[in-house]
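The structure under discussion appears below in the form of structure tokens.
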Amino acid sequence: MDTDPHKSTQRQNAMFSAIAERYDLVNGLASMGQDRLWRRAAVRALETSYGGSLAGLRVLDVACGTGSSSRALADRGADVIGCDVAVGMLDVARRHEADGPHACRRGRRRGGVRYVVADAMRLPFADGEFDAVAVSYGLRNMPNPGVALAQMRRVCRPGGHIVVLDFDMPDDPLWHAIYTRYANVALPLLGGLLGGNADAYRYLNASISQWPGRRGVMTMLHETGWHDVAARPLTGGIASLCRAVA
């Protein structure tokens, strides 16, 4: 996939920082709560890849946004670095982390979380530094997703796993039409009323319709050196979860 000049790091920082404060609220309402279920599915998928426990593993959460996925990974015992280009998003993430409390299930140790500003296409980490990588809803917004996936492959140790969660499009024509109509109306409306930036949410909706979905992500994973690539649709194909091994 070629670099998209309309998705520069500067534009991503400005747009996502502007909608950071209400980002989680709008997403939750627009997806009718499904976004939380999808994030849980992504964490469970990664946990399953490591025998049911992330305790003590070093996990890089790319495009972490407000830190929802980073906190969920830490709650499973992982030591997480969440990175994002949007300074405003990371400000919200740090505030949520400081607010607490956070409980680790079954009495397990909760992992640490640290947030850093970083461009996914130029990750400032050493080769093989992480045991696993996660990216939720962020890959499609990157100027060149293939370059980003290659960087994630570089910083993931051999045999480590990646999970990629993102929006998709249903295969069923009727469900596709219903979902598209809903998304075209609901996301900009909620983004304007609650998020204060309807244009940003129009962009996000357009980015979903133009995204190649799980099939495109699987191809990019293969092309960037990941193997044992697999994917499954979520909620009738509205979202999808891809997995692979470094």
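Quick note: the coordinates plus some simple rules give every number you see, no bench work behind them. These figures come from a predicted structure and were not determined experimentally. Cβ placement follows ideal geometry from the backbone for every residue including glycine, while neighbour counts extend to all protein chains displayed.
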Pairwise FRET efficiency - residue 29 versus residue 176, Cβ, R0 = 22 Å, nearest 0.05: 0.50
Return the single residue from 19, 178, 162 with maximal mean-square fluctuation; model: Gaussian network over the chain, springs between Cα atoms under 10 Å. 178
Could you put 70, 8, 207 in order, starting from the residue whose Cβ has the fewest other Cβ atoms within 10 Å? 8, 207, 70
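Considering only the other residues whose Cβ falls under 12 Å of the Cβ of residue 23, what net charge follows from Lys and Arg at +1 and Asp and Glu at -1? Numbers along the way, then the final one.
Details: positive: 22; negative: 21, 24, 35, 84, 91.
Within the 12 Å Cβ shell, the charges total -4.
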Have a look at 93, 78, 126 and tell me which one the Gaussian network model of the chain (Cα, springs below 10 Å) gives the largest fluctuation. 126
Find the relative contact order for the chain and round it to a whole percent, using C-alpha pairs within less than 8 Å whose residues are 6+ positions apart. 20
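Taking neighbour Cβ counts within 10 Å as the exposure measure, how do 149, 37 sort from fewest upward? Don't skip to the answer; put the middle values down first.
On the way: 149 29, 37 13.
Fewest-to-most ranking of 149, 37: 37, 149.
Relative to the Cα centre, what is the charge dipole magnitude of segment 20-64, using +1 at the beta carbon of each Lys and Arg, -1 at the beta carbon of each Asp and Glu, and rounding to the nearest 20 debye? Intermediate values should be presented prior to the final figure.
Numbers: 6 positive and 5 negative charges, 24 e Å.
Charge dipole of segment 20-64: 120 debye, to the nearest 20.
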If each Cα of segment 1-85 is one equal point scatterer, what is log10 of I(q)/I(0) from the Debye formula at q = 0.11, 0.13, 0.14, 0.26 Å⁻¹? -0.38, -0.52, -0.60, -1.20
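What number, rounded to the nearest 500 deg cm²/dmol, is the helix-based mean residue ellipticity at 222 nm of the chain, given -39500 (n - 2.57) per DSSP H run of at least four residues and division by all its residues? Working shown, then result.
On the way: 9 runs with 114 residues, N = 246.
Rounded to the nearest 500, it is -14500 deg cm²/dmol.
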Likely footprinting exposure, 32, 89, fewest C-beta neighbours within 10 Å first: 32, 89
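Between beta-carbons, use under 11 Å as the cut-off and find the net charge around residue 117, counting Lys and Arg +1, Asp and Glu -1.
On the way: positive: none; negative: 84, 91, 119.
It works out to a net charge of -3.
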For the chain, what is the charge dipole size about the Cα centre, in debye to the nearest 20, if Lys and Arg each add +1 at the Cβ and Asp and Glu each add -1 at the Cβ? 620
Potential extension, residue 87-residue 36 segment - 0.36 nm per residue separation minus Cα distance: 16.1 nm
